[in-house]
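**Q** Sharing a structure here in C-alpha cells format.
We did not get these values from a lab; they are worked out from the coordinates using the rules stated. Quantities reported herein were computed from a predicted structural model and do not represent experimental measurements. Note that each Cβ is placed from the backbone with ideal geometry, even for glycine, and that neighbours are counted across all protein chains shown.
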Amino acid sequence: MVDEKVRIEQFAARPGRRFDLAGMDTAWQGPPRFAQLSERKLKKTAKKFLKVQVKELSDLQERLYANDRYSVLMIFQGRDAAGKDGTIKHVISGINPQGCQVYSFKTPSKEELDHNYMWRCYKALPERGRIGIFNRSYYEEVLVVRVHPQILKAQRIPEKLITNDVWQERYEDINAFERHLWRNGTIILKFFLNVSYDEQRERFLERLETPEKNWKYSDRDLHERGYWDDYTKAIEDMLEATSTPWAPWYVMPADHKWVMRALVGHIITERLSALELKRPEVSEELRATFDNAIVQLKHD
C-alpha cells in the first residue's frame, strides 16, 4: 500500500504556504500500481497493510511507555462523515488501553465556557509515556466558531477583545501552545481527513438508508453541509496558519476509508520510529540480584 515511492511529506501542509483543498485528490488510493485494483482488492490490500502498522504501533507504544520521556498527541479533524471515529478505532486497535486515552470534544459545557477555549483540551493532554487522541479539538475554535461567529459571542469574552484580528490571534495562541508542548516532549501529529462533497453525500445517504447506521445521522449534519464553501475557506486558512515544523498538518485523502486508515497508520509509525525509543536498561546492581530472585521464585 505504501512503498518507497510514497513519502509522508507529500501529505503535509507546508508551513506558511497557501493550501488549496480543491487541488487535493480526495480519492487517492496509493502508488500508481494500485490504480487498476478493484474496490474489493484495494480494501483488502489496505487492511493487510494497516494490520502490519497496528502491530508495529503496539510495539512503539510499549517502548514509549517504558521510556517515559515523550508523550504523543494525535489530533483528528475533518468535516462530518470524514471518518474520524473509524480511523481512530482501527488505527489504535492494537494499543494497550493503559497507555492511551481518547477524548471527543462536543459543545462546550457551562463550566468550559467559564474558562478560555483551550482549557478543556489542556487538562486532557497525555502525560509522559502515553498517547492522547483528540477527536476534534481546540481547532473547532477557528473552524465552527469562525463559520458561525454567533458562537464567539456566547463565549462571554470581553467585547473589546473581539476584533477583526481575532482569528489571527487564535492561530498565534495555538502555535505558541503547541510549540510549548513540543519543547517539553510532546510529539504532535495532526490529521485533517479530507472528504469530497460527493462522498460526504453518499455517506449521509448510507446513514439514512441503513437502519443500523441511523443513529449516526443528525439534522445538524445536513445543516452544516450548507456551509461547505465557508468551511473550505476556514480550513485552508487554518492549515496555512497552523502547520508548523513542530506540529505539521497531514491532509489525508478520505474518500477511500481503508486507504486513509492505512496511510494514517503509516505516518504515525514513521514519526514514532524516528524517535528511536529504547526500553530502559537495567542497572548492573539490579541485574546482579536476578539469579537469586530466579532461584527463590523457582523454589517458592
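**Q** Have a look at the DSSP beta bridges in the stretch 8-298 and tell me what percent are antiparallel, nearest 5.
**A** 5
**Q** What are the residues whose amide H is under 5 Å from the amide H of ILE188, where those residues sit 5 or more places off or on another chain and H is modelled from the backbone?
**A** LEU73
**Q** In addition: From Cα coordinates alone, what are the radius of gyration and Dmax values for the stretch 8-298 in angstrom?
**A** Looking at the stretch 8-298, its Cα Rg and Dmax stand at 21.3, 73 Å.
**Q** Continuing with this model, one more query. Using label points projected 7 Å from each Cα along Cα→Cβ, tell me how many nm separate ALA154 and ASP173, to one decimal.
**A** Here the answer is 1.8 nm between the modelled labels.
**Q** Here are some pairs, LYS55/LYS190; LYS47/LYS278; LYS51/LYS213; LYS110/LYS257; which of them have Cα atoms lying more than 30 Å apart in this structure?
**A** Listed pairs above 30 Å: LYS110/LYS257.
**Q** Could you give me the ³J(HN,Hα) list for the stretch 160-167, computed from phi with Karplus coefficients 6.51, -1.76, 1.60 and θ = phi - 60°, whole Hz, x at Gly and Pro?
**A** 5, 8, 9, 10, 5, 9, 4, 6
**Q** Nearest 20 debye, what's the magnitude of the dipole of the chain about its Cα centre given +1 on Lys and Arg Cβ and -1 on Asp and Glu Cβ?
**A** Its charge dipole is roughly 640 debye.
**Q** Same structure again: Once you've got the GNM for the chain with C-alpha springs shorter than 10 Å, pick whichever of GLU284, GLU212, GLU236 has the biggest mean-square fluctuation.
**A** GLU284
**Q** With a 10 Å cut-off between alpha carbons and a GNM built on the chain, which of ASP219, ASP85, ASP255 moves the most?
**A** ASP219
**Q** Further question: Have a look at ILE75, ILE151, ILE95 and tell me which one the Gaussian network model of the chain (Cα, springs below 10 Å) gives the largest fluctuation.
**A** Looking only at ILE75, ILE151, ILE95, the biggest GNM fluctuation is shown by ILE151.
**Q** If you don't mind, another one. Identify, among ILE95, ILE157, SER109, the residue whose Cα sits farthest towards the positive end of the charge dipole of the chain, taking +1 on the Cβ of Lys and Arg and -1 on the Cβ of Asp and Glu, with the dipole about the Cα centre.
**A** My answer, from the dipole projection, is ILE95.
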